[in-house]
1. Within segment A:100-152, can you find the residues that are farther than 19 Å from residue A:56 by Cα, of a type in the set (Phe, Trp, Tyr) and touching a Pro at 6+ places or on another chain (Cβ under 8 Å)?
2. Quickly run through segment A:118-140 and pick out the residues that are surrounded by 16 or more Cβ atoms within 10 Å (Cβ to Cβ) and either in contact with a Cys (Cβ under 6 Å, 6 or more places away or on another chain) or of a type in the set (Ser, Thr, Tyr) (or both).
3. Taking segment B:19-51, which residues are among the charged types (D, E, K, R) and more than 30 Å from residue B:129 (Cβ to Cβ)?
4. Being of a type outside the set (D, E, K, R), surrounded by fewer than 22 Cβ atoms within 10 Å (Cβ to Cβ) and part of a loop (DSSP other than H, G, I, E, B) is the filter here, so list the residues in segment A:72-92 that pass it.
5. So if I check each of B:427, B:435, B:395, B:450, which one is under 28 Å from the mean Cα position of the chain (by Cα) and touching a residue at least 12 places away in the same chain (Cβ under 8 Å)?
6. Residue under question is residue B:66, and the condition is that it be surrounded by 13 or more Cβ atoms within 10 Å (Cβ to Cβ) and closer than 25 Å to residue A:39 by Cα; does it hold?
7. Which residues, counting only those in segment B:95-126, are surrounded by fewer than 19 Cβ atoms within 10 Å (Cβ to Cβ) and of a type in the set (Asp, Glu)?
8. Restricting segment B:273-320 to residues that are outside any loop (DSSP other than H, G, I, E, B) and within 14 Å of chain A (Cβ to nearest Cβ), which is surrounded by the most Cβ atoms within 10 Å (Cβ to Cβ)?
Amino acid sequence: MAVTVKTFASTSEAAGALSADRGARYLGGGTLVMRALNEGDVSVSTVIRASDQALTRIDASGPRVTLGAGITFAKILAERDLGFLHAPARSIGGPAVRNMGTVGGNLFAPSPYGDFTVALLALDATVAVQGGFGTRDIAIEEFLQARERQAGTLVLSVSCARPASADAFRYHKVARIKPKGGSVITLAAHLPISGGRIAGARIALGSMAPTQIRARAAERVLEGRSLDAATIAAAASAVTEGTSPFDNALGSAWYRREIAGVHLRRLLSGQE
Amino acid sequence: MLELRKDIFADERDDNLNEIGKGTQRQDMLGHVTGTSSYFNDHKLQGMLHLKVVRSTQAHAQLRHIDTTEAERSSGVRRIIRGADVPRNLNTLLSLINFGKDDEPTLAVDKVRYKGEPVVAIVADSEREAFEAIAKVRIDYAPLPVVLDVEDALKAGAPVVNGTYPKNAFIYHDVHDHQKLRFGDADAALATADHVLEQRYQMSPIEHAPTETNGAIAAPDTNGRYVVYTSTQALFFSVDTCAKILDLPSNTFHFIGGTVGGGFGGKVDTLTEPLAILGAMLTGRPVRYVFGREEEMQYGPPRGAERIYIKDGVMRDGRVIARKIRAYFDSGAYTRLSSYAAVKCAAHLPGPYTIPNVYGDVYCVFTNRTPATAMRGFGVTAMDFAIECQMDKLANLVGMDPMEFRILNAYRDGDMKAHRREAKNTALIECVQVAAEKAKWPIREEFKRASSRKDGGGSRAVIPPTPTDSRSRPAAPVQQRTSYDRLPPAVTREPPREPPPTAPSPPPPRPAAPSHGAPRFSSVFGTRRR
């Protein structure tokens, strides 16, 4: 059976088609879906596309930033107002992948990919999705926990608050091949400082569990404290709590557990 | 740009040659830089079908049952090819030069020996339909114990990977389970050395990662011939391999290739051509068989893994007096070319140094891994990495500068190498000197004055007394000497072995004449003397 490609003018039509067919997959930039098709993934029988302009809209003027799901990483890198997202955008693939890969698709990218989503998780982003029953906003953490069940929903956009200062958001991807290798681990930290103390710490990790996860134990250590060496050391030693890393060709579970604290310490102490 | 140091090698090359030493534009360069070069996969033939293989999900298992009934009914399927459909379903690449036994089926029959081994081929109207049919093939495996480590594979009681070689080691000249190099008495020398350093080195398999994956398109031509567009980097080798597997004269095939989208050794194994041609023979249509990227990475043959043990004896003054090496080449489940890599490796020992006592055992081992193949200097690359790491460690051990340490131990023109060839055009000393100069690495005057063309030969050209291993020697030499590799009378410096050879045994029966007029290659058989 040949693969059918359906293109819709509106996101609601696309979402309807997506939820109606178990073999349907939404094609954003194609860096995941086309690879799957080329490698013989027969679970995809219909490819859904939407030409809706809303999917490629960026709203970066205010304190809250909204990115259409079809925004590519190249587009983010070209946007001066999105400077805080340049490091995660630049850490993805080579120029060809960044030119095609989208913010929406990255939410579905399996490990060792999905680095941009790690940044969005630390930034407490909201994912706007359209299902069979209209649109709704989901917290990114909730979205990721139920990612397997999201295949029939269409992501419209993601939004997050702009970090208060450049220092409040930090990101680092550990890769064996620089700059475009898959992630050994990926770390993002959002540490707003209020009166010298961290208020609302969020640490997100990639490749430390089947999906991107928060390092809640490390967050608890940081909360209400100042970012000094003792706090950083305590956060680093707590970072692997609740994680379930895996073995793959890029690194073993043991190795990931060993280096997570080292890289968090460096990230928080401004060494990387 | 290549620089020939005329100050060092004034008489090395005639400068008035028309091509050598002159910059020449590659004939395919214009096509490559303008994007107009035609690769095998640029041919879209009318009525072309697509072939994909079902690969084993097990590293080692008996094939209890293969059920293709549902796949046969799948839409667009033209033909399902099984092992029994392959005219000669057992081959080894170097059988073309009469080296090694046929050990690898094109499609597995009774057993699979590595994860990803092809079991069934499906020819369909589109790649998609071939993939859909693949999902409908049911294979009942009875898993067998797996061995993935080269040293484990050689232990008694290890699972037998490849029944052609029941000891999990390639057998040289029908008797030897490894390549043996003996030069002088390494054990005695190690006992007298000031320092002994033993180290273990290991290299993982390396994927060639060509931009263009392995593939071929075969199409029926007039007069019962077949045109084959292929990515092969060894066109005539592939023609002969196909002729053997398909049991047809090689002039049945018109191979078109030579424009390779990256080979580096990973496109000599002729993995796609035989099935593409067979598909075209069975369907009468053009058939295309191309590896996907994952297939290329996971099941395309890599540079094989190696494990190497080096034990060196070094004197306080920096002279390496003994080098003892044990090396294991991981051939994967079948031979391909690793048997030859081990021969090259043994001939390369102890590296580009003159060491009076050398002992080498090099094994080509079978494990339940993806078969390994050629890649850029295979047989030598990992060993050189190990040897050079070891040289740095030895230099450190005796407190010498590593550059000077290499110059001190470097081989020189006229020296006898461990495999009993005279070293010529050695030039390692000059390379180290120039490298030191370019890196602004200070070396002492006496080392700057050293030359590969001075102080070699003489006592360094003598083959030292070499004890034979206590194990009894095999009764009859299996290699048959021909006029081609007859020993010239000049090479008689080697002292007679103990015990001296007894009355010549009757010549062994000549191996069955290979059907493809297999030539003999001295680099493999190692019997040619200069």
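1. Within segment A:100-152, none qualify.
2. Answer for segment A:118-140, where residues must be surrounded by 16 or more Cβ atoms within 10 Å (Cβ to Cβ) and either in contact with a Cys (Cβ under 6 Å, 6 or more places away or on another chain) or of a type in the set (Ser, Thr, Tyr) (or both): A:123, A:125, A:126.
3. B:19, B:22, B:26, B:28
4. Hit for segment A:72-92 is A:78, nothing else.
5. Within the list B:427, B:435, B:395, B:450, the selection yields B:427.
6. yes
7. Those that are surrounded by fewer than 19 Cβ atoms within 10 Å (Cβ to Cβ) and of a type in the set (Asp, Glu): B:102, B:110, B:125.
8. If we take residues in segment B:273-320 being outside any loop (DSSP other than H, G, I, E, B) and within 14 Å of chain A (Cβ to nearest Cβ), then B:289 is surrounded by the most Cβ atoms within 10 Å (Cβ to Cβ).
The values are calculated or read from the model by the stated rules, or taken from the named source; none is laboratory data. This structure is a prediction, so every number in the text was calculated from the model and none was measured. Cβ sites come from the backbone with ideal geometry, for glycine too, and all protein chains shown count toward neighbours.
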